[in-house]
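Below is one structure; the comments refer to it alone.
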Amino acid sequence: MSRTVYVNGEYVAEEDAKISIFDRGFLMADGVYEVTSVIGGKLVDWPGHCARLSRSLNELDMKSPGSDEELLAIHRELVRLNDLEEGMIYMQITRGAEDRDFAWSDDLVPSIVLFTQAKSVAEKAEYKTGIKVISVEDIRWARRDIKTVQLLAPSLCKMKAKAAGAQDAWMVEDGFVNEGTSNNAYIVKDDGTIVTRNLSHSILHGITRAAVLEYAREAQIKVEERPFTIEEAQGAAEAFVTAASTFVCPVVEIDGVQVGSGTPGPVAARLREIYLAESLKKAV
Ligand code: PDD
């Protein structure tokens, strides 16, 4: 079935959606994006995604095509037009289109595209089985805190993981885990403390991460924000990842070594439950 998508001010059938071949998003990966999950027809963690979008745009000196209220209204209208009960909304904003040149003009008009993806988010088989990850070198650029559409490096890493019979890759730099290809990475120590890499330019500042850490602290679960190695993760009681697309998903194997009992652990399960309950209360 054809979706209705949003392109530069218009709601159109996906087969009629068009973007210029001179768009800098297409030619230079000069664009940023957000992925927001939808449950029960409502947007999960919207204020966080909206704030991170502004930050990404500011860091790249890129104009926003609309106010926060206008962007929310477009998201809601797409949910309505596509009868989206559960899934994701992808929003991409690029600097705009002009003849190819590394330098850009100040008066460029940003392009904006949104589309929906209907899929299960709240319940997935991998929450019950957990996923296997491999470690790979982090070959991305140095500003991973900006959510740009330069996704070739993580895509290559993901394909490497698939070829190795795993579901994802943890990207490692200077001996420490940065994050997964499209999620933040965590381990759980024997005493139940959660460890995840501290925020910096090295990782994306996950919106699910922020919410999960807040709920964990409220639930009296100890949190350490610091780098950890693959060896520490392999010896941890549990491991898991978070993202808007997977919420909290257990990791049961790292580079062929079982984590804990090799099955999803109680801390990840509890955090997923709390996250789902709390974020649904705030969904808009
Ligand atoms: N990716 N780290 C990276 C590299 C990511 O691409 C993502 C999200 C995250 C988690 O961020 P959040 O909790 O805000 O979704 C961390 C999205 C889901 C994607 O590219 O599809």
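The values are calculated or read from the model by the stated rules, or taken from the named source; none is laboratory data. All figures in this text were calculated on a predicted structure; none of them were measured in a lab. Here Cβ is always computed from backbone atoms with ideal geometry, including for glycine, and neighbour counts include all displayed protein chains. Protein only, heavy atoms only, side chains kept; ligands, DNA and RNA dropped before computing areas. Shrake-Rupley method; radii C 1.70, N 1.55, O 1.52, S 1.80 Å.
From the residues in region 118-148 that are in contact (Cβ under 8 Å) with a residue 40 or more places away in the chain, loosely packed, with under 15 Cβ neighbours inside 10 Å and of a type outside the set (D, E, K, R), which one is nearest to residue 61 (Cα to Cα)? Going through the qualifying residues, I end up with 142. For residue 248, the stated conditions hold: it is part of a strand (DSSP E or B) and either open to solvent by less than 50 Å² (accessible area, probe 1.4 Å) or closer than 14 Å to residue 186 by Cα (or both). State whether the residues of region 82-96 include one that is more than 16 Å from the ligand (Cβ to nearest atom), hydrophobic (A, V, I, L, M, F, W, C) and either exposed (fewer than 12 other Cβ atoms within 10 Å of the Cβ) or touching a residue at least 60 places away in the same chain (Cβ under 8 Å) (or both). Scanning region 82-96, I find no residue that is more than 16 Å from the ligand (Cβ to nearest atom), hydrophobic (A, V, I, L, M, F, W, C) and either exposed (fewer than 12 other Cβ atoms within 10 Å of the Cβ) or touching a residue at least 60 places away in the same chain (Cβ under 8 Å) (or both), so the answer is no.
Residue-wise test of (1) within 19 Å of residue 140 (Cβ to Cβ); (2) touching a Ser or Thr at 6+ places or on another chain (Cβ under 7 Å); (3) among the acidic types (Asp, Glu).
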site: 196; (1), (2), (3): yes, no, no
site: 206; (1), (2), (3): yes, yes, no
site: 213; (1), (2), (3): no, no, no
site: 221; (1), (2), (3): no, no, no
site: 224; (1), (2), (3): no, yes, yes
site: 242; (1), (2), (3): yes, yes, no
site: 249; (1), (2), (3): no, no, no
site: 257; (1), (2), (3): no, no, no
site: 261; (1), (2), (3): no, no, no
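So residue 37 passes all but one of these: (1) more than 18 Å from residue 151 (Cα to Cα); (2) open to solvent by 10 Å² or more (accessible area, probe 1.4 Å); (3) within 16 Å of the ligand (Cβ to nearest atom). Which condition number does it fail? Here residue 37 clears every test but (2). The set of residues in region 197-230 being within 11 Å of the ligand (Cβ to nearest atom) and either polar (S, T, N, Q) or at positive phi (or both) consists of 202, 208. Note on region 154-180: residues that are open to solvent by less than 20 Å² (accessible area, probe 1.4 Å) and under 15 Å from the mean Cα position of the chain (by Cα) total 8. All conditions in (1) more than 16 Å from the ligand (Cβ to nearest atom); (2) open to solvent by 20 Å² or more (accessible area, probe 1.4 Å); (3) at pLDDT 95 or above hold for residue 261, with the sole exception of (3).
This table checks each residue for (1) in contact with a Pro (Cβ under 7 Å, 6 or more places away or on another chain); (2) assigned to a helix (DSSP H, G or I); (3) over 17 Å from residue 190 (Cβ atoms).
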position: 205; (1), (2), (3): no, no, yes
position: 215; (1), (2), (3): no, yes, yes
position: 221; (1), (2), (3): no, no, no
position: 240; (1), (2), (3): yes, no, no
position: 260; (1), (2), (3): no, no, no
position: 263; (1), (2), (3): no, no, no
position: 274; (1), (2), (3): no, yes, yes
position: 280; (1), (2), (3): no, yes, yes
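Taking strands (runs of 3 or more DSSP E) as the structural unit, those lying wholly within region 4-89 and holding at least 3 residues that are within 18 Å of residue 282 (Cα to Cα) and in contact with a helix residue (DSSP H, G or I) (Cβ under 9 Å, 6 or more places away or on another chain) correspond to 31-39.
Just for region 97-117: of the residues that are surrounded by fewer than 18 Cβ atoms within 10 Å (Cβ to Cβ) and either of a type in the set (Lys, Arg) or within 15 Å of the ligand (Cβ to nearest atom) (or both), which one is farthest from residue 160 (Cα to Cα)? Only one residue fits best here, namely 100. When restricted to residues that are away from the ligand (no atom under 11 Å from the Cβ), over 17 Å from residue 87 (Cβ atoms) and in a helix (DSSP H, G or I), region 118-154 contains 3.
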